[in-house]
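Please treat every number below as a calculation from the coordinates, not as lab data. Worth saying up front: this structure is predicted, and the values here are computed from it rather than measured. Note: ideal-geometry Cβ built from the backbone for every residue, glycine included; neighbour counts use all protein chains shown.
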Amino acid sequence: MWRAQREKNGYPIFILSNNFNTDVALTYHDATKHSYASIRANPHSLDWANQPFPFKIYPSLTPLNLTSKLCQTRMAALSAIGEIVATQTEAQPDLKTVAQLLYLSAGVTRRRQYPGGEIYFRAAACTGALYEVELYVVCGDIKGLDAGVYQFSAADFSLRRLHSGDYRGALVEATAGEPAIAHAPLIIVSTCTYWRNAWKYQARTYRHFGWDNGTVLANLLAVATSFELPGKIIAGFKDADVNCLLDIDPMREVAFSLAALGHVSTLPPLSPSSSPLGLETVPISRYEVDYPVMREVHTASSLESSEEVETWRGHTPQSNLPPPAGVTIPIQPLADAEVPRDSIEQVILRRGSSRRFSRLPVSLAQLSTILERTTHGVSADFLDPPGAQLNQLYLIVHAVEGLDAGAYVFHRDLRVLECLKKGDFRIQAGYLGLEQELPADAAVDIFFLADLRLILERFGNRGYRAVQLEAGIVGGRVYLAAYAQRLGATGLTFYDDDVIQFFSPHAQGKSAVFLVAVGKSAKHLI
Ligand SMILES: Cc1cc2nc3c(=O)[nH]c(=O)nc-3n(C[C@H](O)[C@H](O)[C@H](O)COP(=O)(O)O)c2cc1C
């Protein structure tokens, strides 16, 4: 499909792109909606004997062990998630910092025995604890680590080198010269492996790529901030180039995002050429089931040329909320001097999704602090000007001191919550969150809703990746902001259209993208 994307020197640029056949993303979205009926029509049973192994292992590569000794940055978690380091700051990580960034984003932080084996819980929340997100390091020479392309192996906390030499130039080329990538001493590429998550979630997994990559990136950006490293998320790149550099099989595993970390004034050299490595990896399951709709939406959202990438980024469509028409309540966040001082590393290590909420109230200050510290904007190539956002936050408040129970929408720019309707909606919230107890027992459920048509109109199918990713990052921050205040949180899935119905007429035309519940854990009360 030919499509004019922006103008250059007064002339429209026409680009041949699959990306703008946005029926593909809309069809995928509709086909993967959960509803009361769809859940009952598809009673998917899990083949436990075929559960995917949660780690990618290259048996022929020698591990370069990383130090697990954490450096105490002492930066309060609420500062680390709430601040953005200026991009022009000259800042380079060393190997210890790289290890800490990886550990606190995707490392194994807890283990739990269960009758069938052991679960290795990671630093960031992940749907079903299936951990389909892999991290790869692409760097120039940094203190303690030679320039190269490495796979992060969470299983034994090590790096395995895929290429030696400085390959950052290949990513500069793949991102059409994206300035943050061009000046980054360190780039962390996230990939997602379909089957690891689709074993349980089938075709809905493609949404989870954004959610689960997002929670990892929320941690990564916060830890980077604690080291005063600027960080920027890049979702626009030539897919084939990045997949090729990592030597991954795009039928099974695909590059999803790049994180540019740190800043150096010099540009990287041209990359050496990379040829296929043909390295063996340990199979993750005895057999895998393919869900072609996911590869279809991935292919239809892939970018192929530098021109396409260049015109893809920036110029975020404005999706302003209508001015408040109902009662508004100003948020009342804690001041800097009042926020809990637990460091980002302490908070990440104690985070774990709440398995039961107590129904006890949280305070308006706690909720306000969460809202304020998580929604200041994400530094990303699809969010421009800085601070732009794709998702809007809608809340069901059950138990927040100083706030009537009811449905609200958050006006970020006005710093107010607008009441849409008052009432006790615990039963409805439990239903909307796929008939689970967690959203009914939480103090507040925070839904992320977006105008998909507007986003796809500007960004094409790839906007679908961006909107899920932004929600995952902000949702990941909500987890951290809750745990920093000794509250609990959990991501949740939902009945798509019923959520929109619940918040309508205000939410009419929007789509449900993400849900996170916050409250007081019942664990300590039992
Ligand atoms: C986006 C998202 C959606 C989730 N949905 C649910 C859910 O519907 N029900 C549930 O019990 N847990 C849900 N979880 C929690 C995961 O099961 C949990 O993150 C995973 O088991 C890893 O455990 P941890 O978060 O304690 O490290 C969700 C997590 C995320 C990030």
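Using +1 on the beta carbon of Lys and Arg, -1 on that of Asp and Glu, and nothing else charged, what's the dipole of the chain about the Cα centre, debye to 20?
Its charge dipole is roughly 1340 debye.
How would you classify the chain from its alpha-carbon gyration tensor, with a ≥ b ≥ c the square roots of the eigenvalues: rounded for a/c under 1.5, else prolate if a/b is greater than b/c, otherwise oblate? Taking the square roots of the gyration eigenvalues as a ≥ b ≥ c, the chain is rounded. The overall shape of the stretch 316-425, judged from the alpha-carbon gyration tensor, is oblate: a/c is not under 1.5, and a/b is no greater than b/c. Across the stretch 427-489, the convex hull enclosing all Cα atoms gives 92 Å³ per residue. Relative to the longest principal axis of the Cα atoms of the chain, helix 95-106 runs at roughly 40 degrees.
Remark: relative contact order (the stretch 309-440) = 28 percent; criterion is Cα-Cα distance under 8 angstrom and separation of 6 or more residues. Positive-end ranking of Ile329, Gly278, Pro361 along the dipole of the stretch 242-367, with charges on Cβ about the Cα centre, is headed by Pro361. Put a dot 7 Å past the Cα of Lys422, heading toward its Cβ, do the same for Thr62, and the two dots end up 7.1 nm apart. Note down the net charge around Gly491, summing +1 for each Lys or Arg and -1 for each Asp or Glu among other residues with Cβ under 13 Å from its Cβ. Spelling it out: positives minus negatives among the neighbours equals +2. Looking at the chain, the DSSP beta bridges with both ends there are about 95 percent antiparallel. Summing Cβ point charges (Lys, Arg +1; Asp, Glu -1) relative to the Cα centre of the stretch 426-493 gives a dipole of roughly 300 debye. Label zone of Arg111 (point 7 Å out along Cα→Cβ, amide N under 15 Å): in the stretch 138-159 this covers 154-158. Counted residue by residue at 0.36 nm each, then reduced by the alpha carbon distance between them, the extension gain from Asp384 to Ala41 reaches 119.3 nm. Just name one of Gly236, Leu487, Cys126: the one whose Cα is farthest towards the positive end of the charge dipole of the chain (beta-carbon charges, Lys/Arg +1, Asp/Glu -1). Projecting each Cα onto the dipole axis, the largest value belongs to Leu487. Here, the stretch 278-334 has an Rg and a Dmax of 22.6, 62 Å when only alpha carbons are counted. Taking all Cα pairs closer than 8 Å and separated by 6 or more residues, the relative contact order of the chain comes to 19 percent.
Ordering Gln51, Pro439, Gln88 by the projection of their Cα atoms onto the charge dipole of the chain, which places +1 on the Cβ of Lys and Arg and -1 on the Cβ of Asp and Glu, puts Pro439 at the extreme positive end.
Applying 1/(1 + (r/R0)^6) with R0 = 35 Å to the Cβ-Cβ distance of Arg359 and Asp249, what FRET efficiency is obtained, to the nearest 0.05?
After rounding to 0.05, the efficiency reads 0.15.
Under the simplified labelling scheme, the Lys69-Leu454 pair shows an inter-label distance of 5.2 nm, with each label point 7 Å from Cα along Cα→Cβ. Annotation for Asp404 and Val264: the two label points, set 7 Å from Cα along the Cα-Cβ direction, are 5.9 nm apart. Looking only at the stretch 368-386, which residues have a backbone nitrogen under 18 Å from a spot 7 Å from the Cα of Gln318 in the C-beta direction? Under 18 Å, as judged by backbone N against the label point of Gln318, lie 377, 383-386 of the stretch 368-386. Across the stretch 43-79, the residues whose backbone nitrogen lies under 11 Å from the label position 7 Å along the beta-carbon direction of Ala155 are 53-61. Computed about the Cα centre, the dipole magnitude for the stretch 243-302 is approximately 120 debye when only Lys and Arg (+1) and Asp and Glu (-1) carry charge, each at its Cβ.
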